[in-house]
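In what follows, a single structure is set out as structure tokens and then discussed.
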Amino acid sequence: MEKFVINGGNPLRGEVTISGAKNAALAIIPAAILSQDVCRIENVPTSISDVSFMIKTLKHIGAGVKLIDRTTIEIDSRFVNSYVIAHDMTKYLRASYYFIGALLGRFHRARVAMPGGCYLGPRPIDQHIKGFEALGAKVTVEDNAIVETTADELVGSPIYLDVVSVGATVNIMLASVKAQGLTIIENAAKEPHIVDLANFLNSMGADIRGAGTDVIKIRGTDHLHGCTYSIIPDQIEAGTFMVAAAATKGNVLIKNVIPKHLESISSKLVECGAVVEEYDEAVRVSMDTRPGKCNIKTMPHPGFPTDMQPQMAVLLALADGTSIVSESIWSNRFRYTEQLMRMGASITVDGQIAVIHGVDGLRGAPVRADDLRAGAAMIIAGLAASGRTEIEDILYIDRGYENVVEKFGNLGGDIRRVYCVEPFSNADAG
Ligand code: EPZ
């Protein structure tokens, strides 16, 4: 078992380079099997565990995967020979369900165990199923554990999503890109990784228009070919460093970003009193006063991302005044507030609203990462707090942040990964 030990109080200063976007990579990696060819994908965050799981899954179904260098992989999909993915491959991450759309697109058949992933509240897949069925597939969910879907042929169709869903938009794009005729996804998700997936598929020869708006039109093509493609920078990793710079009253140049993707985060930081300077492919965040309060409501893109809500709450916990955070995407994304309160934060949660009364300072404490972004929030809190913080369950953080110790360490953060002995349990009793 590993944990992070942080001695807080150092303002972060210097430069950090952001990795490729996790959530784009998780959609693009399975999308590669839609060609019977070789795709070279650059700017892949290869060292996060979610990406390793996707690569393992690819290999399991017969794809060849070569690591060309630390951020480039080559996926050879010529010999993919299975449409079955079992629970041991899907239990760790949500995005494993993108193999349903990709396998359905390639073989007109998929049998994939239900996905695991961070617990943020119920995570239904009804809109994915609605999309597959609209394309002509028959879908059965066996014992709430396995999704089996088959189609004699896939035929394009209009599909209106009842909720704006990133996952359903991705899965329908994957399943329809080789269908006959035109698919129109209405009320589609507009996140940067949806646009990135569309750009990747288009560079394989697909005909997808409108990605980044709420109507995506996909004209099916028979054949997709290999390509070379570079994944966009990670919006949420960038946002995490931006908030960490502000919360530690530091000054950090965050490189390899698309500032347009960060606008909702930048504007909230500015509202709290941070200075945000935008360059072509970088942003600088600095802060030298106590943060001011501000209210946040999470929304689908281009609104404030739910995946930045816990990190931003740390800054608000240190603000002068009371802030209100409304979570409108997930029903259970405030579990981390209990951990923050162990560090001295003053927060009351009522359903999907958290009221944060800013305090003068946080103090180090033993805490845990309840999920990926909750874990990122604990790192920021530990870096901003006085004294020593120990974070357990860091496997969640390793799912989505590359070289996190090195990156924060290079900015002057005192953070170490340490190995610790598993606590004694009855399973160990002789
Ligand atoms: C993606 O999850 C991200 N994951 C999440 O990031 C992110 O929090 C979320 O989008 C929202 O931005 C990946 O991209 C791999 P949704 P996803 O389908 O696709 C409801 C992180 O920390 N819904 O957009 O699973 C659902 O319950 C992760 O990086 C249905 O009702 O999210 C939720 O309330 C965690 N029926 C809302 O839609 C469906 O069929 C949005 O979910 C599908 C979703």
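The values are calculated or read from the model by the stated rules, or taken from the named source; none is laboratory data. This one's a predicted model, so the numbers in the text were calculated from it and none came from an experiment. As a convention, Cβ positions derive from the backbone with ideal geometry for all residues, glycine included, and neighbour counts pool all protein chains shown.
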Next on the checklist: When you check residue 260 against the structure, is it closer than 21 Å to residue 306 by Cβ and among the basic types (Lys, Arg), yes or no?
Outcome noted: yes
Checklist outcome for this item: From the option list 367, 405, 359, single residue qualifying as in a strand (DSSP E or B), in the same structural domain as residue 239 (by TED's automatic domain parsing) and touching a strand residue (DSSP E or B) at 6+ places or on another chain (Cβ under 9 Å) is 367
Checklist entry - Of all residues in the stretch 385-411, how many are among the aliphatic types (A, V, I, L, M) and under 12 Å from residue 340 (Cα atoms)? => result 2
Item to check | Hits in the stretch 194-221 - residues which are part of a strand (DSSP E or B) and not polar (S, T, N, Q) | outcome: 207, 208, 209, 211, 215, 216, 217, 218, 219
Item to check | Residues of the stretch 275-321 classified as within 16 Å of the ligand (Cβ to nearest atom), of a type in the set (Gly, Ala, Ser) and in a helix (DSSP H, G or I), total | outcome: 1
Checklist entry - Among the residues of the stretch 222-237, is there at least one that is at pLDDT below 95, in a loop (DSSP other than H, G, I, E, B), charged (D, E, K, R) and more than 16 Å from the ligand (Cβ to nearest atom)? => result yes
Item to check | Enumerated strands (runs of 3 or more DSSP E) restricted to the stretch 87-193, each holding at least 3 residues that are within 10 Å of the ligand (Cβ to nearest atom), over 16 Å from residue 27 (Cα atoms) and in the same structural domain as residue 258 (by TED's automatic domain parsing) | outcome: none
